[in-house]
Amino acid sequence: MSDSLSKALSAVTEALSNPPSPVNINLGTAFQLLGAMDKLRVMLEPPNLAVLNLSLAPYALSATRVAQGMGVFNAFVRANGTKDLTLEELDAKTKGDRQLLFRIMRHLCACDIFTLVEGTKYRPSQLALQLADGSPVGDCVKHFYLNMRVTSFLNEYLEERNYANPVDATDTPFQYAHRTKENPFEWLARHPADQAAFNSVMTMNRKLIETEWYETFPVEEKLQVSADRTVLVDIGGGIGHDLSLLKQHFPQLPGKLVVQDLPGVIKDIREPLPDGVEAVVYNMFDPQPLKGAKAYYLRTVLHDWPDKQAIEVLRRIREAMVEDSILLVNELNMAGSNPSRIQTAIDQDMMEAFSSLERTEEEWRALLNKGGFDVVKVWKPAVKGMVELALYEAVPKP
Ligand SMILES: C[S@@+](CC[C@H](N)C(=O)[O-])C[C@H]1O[C@@H](n2cnc3c(N)ncnc32)[C@H](O)[C@@H]1O
């Protein structure tokens, strides 16, 4: 073994034998190390092993989804995560055949989602305990498992279109795969369980970054209004999670906070929103009923749309603004030359679902410009995570 590899092996062995407590792990260092390990894997893996790992990855997702369906993760959570369960014990708490359960659990052990201890008992990993029903992490699996239906048709769709880059929101891989004219939001509205999973996943995304937009943006300085004015409208704000966090951080912020979204989403708000936060059904392609708010805010909403529709949404906001109103667009900034795999995968997800894309800073500036706005400042978190969100502060062009 080369000297540098044996040193790397010793360092990894040492880290594994003396693991830091999860609360002491610095996210920045962890991301750097994970990036280095990915590169090391590419360097070490022979192509025939690499192709197997690449090709077999979807099976881990589908086995996880089946385990959710059978109630495996719920069973461990109900046992408080403290109890290792034998196959017989788990079988008594889940749906379906014992032999199927055995095969699924065998794969999940091979994927490190469970560990087989004492030869007969399954011990859940930290991840396994988050995959039960009702958790955003578990809903992430449900959402992306559903997306695989579209992914499996992508090449066929593109081949029929001579591999043209998808840009038409009315002819998307999603529509092709689902044999529908509906866009994903219209489709979700008819599938409440999938809609609930989608809404829940949206509340999870922020865990990939360390800094919330309002920790970088000077909220108290920029969002001062009289108590009877709407201070911020969160358009496409999902189940109000972003505004709830904002209110938690700034309980004294004057003015009303309003979250707007489609009926199926607003209906799915289960926990009461904090005082001062209202939820309203609104389609962002219609005239904006809330005129003259201080700020109109969109977080990862425009990335769902190609330029044509995104410009329409911006037009509706411009029409509702008054002299001192501002636009705040919180979006993933696609790093120009070196985006992470998470960023590029989300870009492909946008392509598949919406014929849309993740944009670079230049593309965001160009879009806002075409939509009639001047960007005043791009607020970026000091600490970068695996995805970089940036907050574009913009005002209508004179
Ligand atoms: C990617 S999610 C982002 C949710 C939330 N802003 C966040 O960052 O977690 C996009 C949101 O836009 C909403 N949306 C899509 N089309 C809409 C429309 N025509 N009018 C209002 N909201 C819409 C979706 O229901 C969804 O909640």
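The values are calculated or read from the model by the stated rules, or taken from the named source; none is laboratory data. Quick caveat, the model's predicted, so the values are computed rather than measured. Glycine gets a Cβ as well: all are built from the backbone with ideal geometry, and neighbour counts include every protein chain shown.
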Pull up region 207-232, narrow it to residues that are within 16 Å of the ligand (Cβ to nearest atom) and either part of a loop (DSSP other than H, G, I, E, B) or touching a Gly at 6+ places or on another chain (Cβ under 8 Å) (or both), then point me to the one that is farthest from Leu391 (Cα to Cα). Leu208
List every residue pair whose Cβ atoms sit under 9 Å apart, with the two residues 6 or more apart in sequence or on different chains, where the first one lies in region 91-116 and is of a type in the set (Phe, Trp, Tyr) and the second, anywhere, is part of a loop (DSSP other than H, G, I, E, B). Phe114/Ser125
Going by the conditions given, is Gln99 modelled with pLDDT of 95 or more and surrounded by 18 or more Cβ atoms within 10 Å (Cβ to Cβ)? no
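So, in region 369-385, of the ones that are among the basic types (Lys, Arg), closer than 28 Å to Leu27 by Cα and in contact (Cβ under 8 Å) with a residue 60 or more places away in the chain, which residue ends up surrounded by the most Cβ atoms within 10 Å (Cβ to Cβ)?
Looking only at region 369-385, we keep the residues that are among the basic types (Lys, Arg), and these are 370, 377, 380, 384.
From what is left, the residues that are closer than 28 Å to Leu27 by Cα are 377, 380, 384.
Going one step further and asking which of them are in contact (Cβ under 8 Å) with a residue 60 or more places away in the chain, we end up with 380, 384.
Working: Lys380: 16, Lys384: 18.
My answer is Lys384.
So, Phe198, is that one over 19 Å from the mean Cα position of the chain (by Cα) and of a type in the set (Phe, Trp, Tyr) or not?
no
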I need every pair where a residue in region 159-175 that is without any contact (Cβ under 8 Å) to a residue 60 or more places away in the chain has its Cβ under 7 Å from the Cβ of a residue that is part of a loop (DSSP other than H, G, I, E, B) and surrounded by fewer than 22 Cβ atoms within 10 Å (Cβ to Cβ), sequence separation at least 6 or different chains. Gln175/Lys181
Selected residue (only one of Ala353, Ala345 is more than 16 Å from Ala394 (Cβ to Cβ), within 16 Å of the ligand (Cβ to nearest atom) and free of Cβ contacts under 8 Å to residues at least 12 places away in the same chain): Ala345
State all residues of region 322-338 that are over 20 Å from Leu246 (Cβ atoms) and either within 13 Å of the ligand (Cβ to nearest atom) or surrounded by 14 or more Cβ atoms within 10 Å (Cβ to Cβ) (or both); if no residue qualifies, say none. Asn333, Met334, Ala335
State all residues of region 268-326 that are in contact with a helix residue (DSSP H, G or I) (Cβ under 6 Å, 6 or more places away or on another chain) and of a type in the set (Ser, Thr, Tyr); if no residue qualifies, say none. Tyr296
Taking into account only those residues within region 284-310 that are within 23 Å of the chain's Cα centre (by Cα) and assigned to a helix (DSSP H, G or I), which is surrounded by the most Cβ atoms within 10 Å (Cβ to Cβ)? Leu302
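Matching residues to (1) touching a residue at least 60 places away in the same chain (Cβ under 8 Å); (2) surrounded by 19 or more Cβ atoms within 10 Å (Cβ to Cβ):
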site	(1), (2)
Gln195	yes, yes
Thr203	yes, no
Thr211	yes, no
Ala227	no, no
Leu232	yes, yes
Ile235	yes, yes
Phe250	no, no
Leu257	no, yes
Val265	yes, yes
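To keep it simple, each residue is scored yes or no on (1) surrounded by fewer than 14 Cβ atoms within 10 Å (Cβ to Cβ); (2) among the basic types (Lys, Arg).
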{"position": "Asp3", "(1), (2)": "yes, no"}
{"position": "Gly35", "(1), (2)": "yes, no"}
{"position": "Arg41", "(1), (2)": "yes, yes"}
{"position": "Asp91", "(1), (2)": "no, no"}
Tally of residues being over 25 Å from the mean Cα position of the chain (by Cα) and among the aliphatic types (A, V, I, L, M) across region 3-61: 15
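Residues checked against (1) more than 16 Å from the ligand (Cβ to nearest atom); (2) among the hydroxyl-bearing types (Ser, Thr, Tyr); (3) at pLDDT 95 or above:
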{"site": "Lys121", "(1), (2), (3)": "yes, no, yes"}
{"site": "Leu146", "(1), (2), (3)": "no, no, yes"}
{"site": "Arg149", "(1), (2), (3)": "yes, no, yes"}
{"site": "Asp171", "(1), (2), (3)": "yes, no, yes"}
{"site": "Tyr176", "(1), (2), (3)": "yes, yes, yes"}
{"site": "Glu186", "(1), (2), (3)": "no, no, yes"}
{"site": "Asp234", "(1), (2), (3)": "no, no, yes"}
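Results for (1) outside any loop (DSSP other than H, G, I, E, B); (2) within 23 Å of Gly28 (Cα to Cα), shown as yes or no for each residue.
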{"position": "Asn338", "(1), (2)": "no, yes"}
{"position": "Gln343", "(1), (2)": "yes, yes"}
{"position": "Arg359", "(1), (2)": "no, no"}
{"position": "Trp364", "(1), (2)": "yes, no"}
{"position": "Leu367", "(1), (2)": "yes, no"}
{"position": "Val387", "(1), (2)": "no, yes"}
{"position": "Leu391", "(1), (2)": "yes, yes"}
Return the pair list, or none, for Cβ contacts closer than 7 Å from residues in region 16-30 that are modelled with pLDDT under 80 to residues that are among the acidic types (Asp, Glu), at least 6 apart or on different chains. Leu27/Glu210
Does region 255-283 hold any residues that are more than 21 Å from the chain's Cα centre (by Cα) and near the ligand (Cβ under 9 Å from one of its atoms), and which are they? Val281, Tyr282, Asn283
